[in-house]
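> Please read through the structure below; I'll follow up with questions.
The values are calculated or read from the model by the stated rules, or taken from the named source; none is laboratory data. Here the structure is a predicted model, which is why all the values come from computation and not from measurement. Using ideal geometry, Cβ is built from the backbone for each residue, glycine included, and neighbour counts are taken over all protein chains shown. To get the accessible areas, we keep the full protein, side chains included, count just its heavy atoms, and leave off ligands, DNA and RNA. Shrake-Rupley method; radii C 1.70, N 1.55, O 1.52, S 1.80 Å.
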Amino acid sequence: EAEVAQSPRYKITEKSQAVAFWCDPISGHATLYWYRQILGQGPELLVQFQDESVVDDSQLPKDRFSAERLKGVDSTLKIQPAELGDSAMYLCASSAGLFDGSYEQYFGPGTRLTVT
Amino acid sequence: AQSVTQLDSQVPVFEEAPVELRCNYSSSVSVYLFWYVQYPNQGLQLLLKYLSGSTLVKGINGFEAEFNKSQTSFHLRKPSVHISDTAEYFCAVSDIDTDKLIFGTGTRLQVFP
């Protein structure tokens with residue numbers, strides 16, 4: 001069964017350092033999402049891509065966060081500089097979008113970020 | 001804008017007992033509703049979804065949920081839980097014109113032997 005891949009699974013970094021996360025969606029999925037999940041809370045959408053274009057980044061802290069999906073396949077989320085409050089689980093998800101009628105998002109295992 | 005309220009942050013229950021996890025939503029437009037499960041240090045897995053049709057929706061692992069438009073609720077139920085059902089459960093909503101999910105804060109289901 002196809003899965004969403006993410007790496008690394010765990011990352012510990014010092015504040016003010018740069019950190020990057022990678023996501024490879026299910027093949028053929030045009031829509032890719034990055035979520036942040038703070039401990040004890042539900043996931044919150046950071047950015048949504050349709051192919052290589054950003055369709056929603058309203059909750060992305062653009063002064064320190066950036067995301068790209070250059071060829072419309074895999075994606076990278078970067079934080080520079082990292083702050084203590086960025087400690088969270090970063091989840092990637094993909095879907096076929098509105099086109100297949102399923103409205104189902106498939107999630108990867110996540111990257112647990114700890115900023116010290 | 002939509003919002004989701006999960007009324008119970010934790011639900012302890014003994015094995016083989018029934019369970020209900022409550023979810024209420026707020027929206028000015030028609031919505032789709034979802035329940036996801038998250039096991040420790042893992043991503044989310046879809047349990048079930050309501051898009052249209054029958055208001056009683058059956059999902060994986062023996063779970064079901066009922067959409068109640070008048071009560072704006074989508075409660076999740078299982079008639080007999082197992083130890084392996086111990087996990088975090090998230091209710092989510094999206095409006096029918098987008099696929100953007102708004103999640104609740106989650107309910108921790110703890111099943112005891």
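> Tell me, which strands (runs of 3 or more DSSP E) wholly within segment A:56-116 include 3 or more residues that are touching a residue at least 12 places away in the same chain (Cβ under 8 Å), surrounded by 21 or more Cβ atoms within 10 Å (Cβ to Cβ) and within 13 Å of chain B (Cβ to nearest Cβ)?
Output list reads A:88-95.
> I'd like to know if segment B:4-11 contains one or more residues that are under 14 Å from the mean Cα position of the chain (by Cα), within 12 Å of chain A (Cβ to nearest Cβ) and farther than 20 Å from A:E44 by Cβ.
yes
> Can I ask one more? Looking at B:Q45, is it under 13 Å from the mean Cα position of the chain (by Cα) and open to solvent by 10 Å² or more (accessible area, probe 1.4 Å)?
yes
> Further, regarding this structure: List the pairs whose first member sits in segment A:39-55 and is modelled with pLDDT of 90 or more, whose second member is open to solvent by 60 Å² or more (accessible area, probe 1.4 Å) and outside any loop (DSSP other than H, G, I, E, B), and whose Cβ atoms are under 8 Å apart, counting only residues at least 6 apart or on separate chains?
A:V47/A:V54; A:Q48/A:V54; A:Q48/A:V55; A:F49/A:V55
> In segment B:32-40, is there at least one residue being open to solvent by 60 Å² or more (accessible area, probe 1.4 Å) and either at pLDDT below 95 or within 14 Å of chain A (Cβ to nearest Cβ) (or both)?
yes
> Then there is this: State which residue is least open to solvent (accessible area, probe 1.4 Å) when the search covers only segment A:1-30 and only residues that are part of a strand (DSSP E or B) and in contact with an Asp or Glu (Cβ under 7 Å, 6 or more places away or on another chain).
My answer is A:C23.
> While we're on this one: Can you name every residue in segment A:31-55 that is outside any loop (DSSP other than H, G, I, E, B), within 17 Å of B:L44 (Cα to Cα) and open to solvent by 70 Å² or more (accessible area, probe 1.4 Å)?
Across segment A:31-55, the qualifying residue is only A:E44.
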